[in-house]
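Notes to accompany the following structure.
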Amino acid sequence: MTTYFLSINRGQGQNPSKVAIATSAPSADTYVQINSTANQTKEDVMLGLKAIEMYLLSNGIPGGQAGVDMPPL
């Protein structure tokens, strides 16, 4: 199996047609790496993305320190 990268550049909005798919690390502004050898389901990936979204929206509080290594919102 392989690793997949889903990526999008800043300013592309939430348009799914702007998401690029590759098997090597992209040079995009934002990307997600999905290891297909981990036998993950789409639900597993979505739950992981939701946890990351909640972490970002909390300003890093669950990690123990607010704002550390966080992009501005």
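No lab work stands behind these numbers, since they all come straight from the coordinates. These figures come from a predicted structure and were not determined experimentally. A quick note on method: Cβ atoms are made from the backbone with ideal geometry, for glycine too, and the neighbour counts reach across all protein chains shown.
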Give me, ordered by chain and number, the residues 5 or more places off Gly60 or on other chains with an amide H under 5 Å from its own placed amide H.
Gly67
How tilted is helix 42-57 with respect to the longest principal axis of the chain? Cα atoms for both, answer in degrees (0 to 90, nearest 10).
30
What value does the range 3-63 have for Rg/Rh, both radii from Cα atoms and Rh as Kirkwood defines it?
0.99
Between Tyr4 and Ser17, what is the label-point separation in nm under the 7 Å Cα-to-beta-carbon projection?
2.0
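For Cα pairs less than 8 Å apart in space and 6+ apart in sequence, what is the mean separation divided by the residue count of the chain, i.e. the relative contact order in percent?
Working: 74 pairs, mean separation 19.9, N = 73.
Across the chain, relative contact order equals 27 percent.
Check each of the trypsin sites (Lys or Arg not before Pro) in the chain and keep only those in coil by DSSP with at most 13 other C-beta atoms within 10 angstrom; list them in order. Working shown, then result.
On the way: sites: Arg10, Lys18, Lys42, Lys50; in loops: Arg10.
Sparse-neighbourhood loop trypsin sites (Lys or Arg not before Pro): Arg10.
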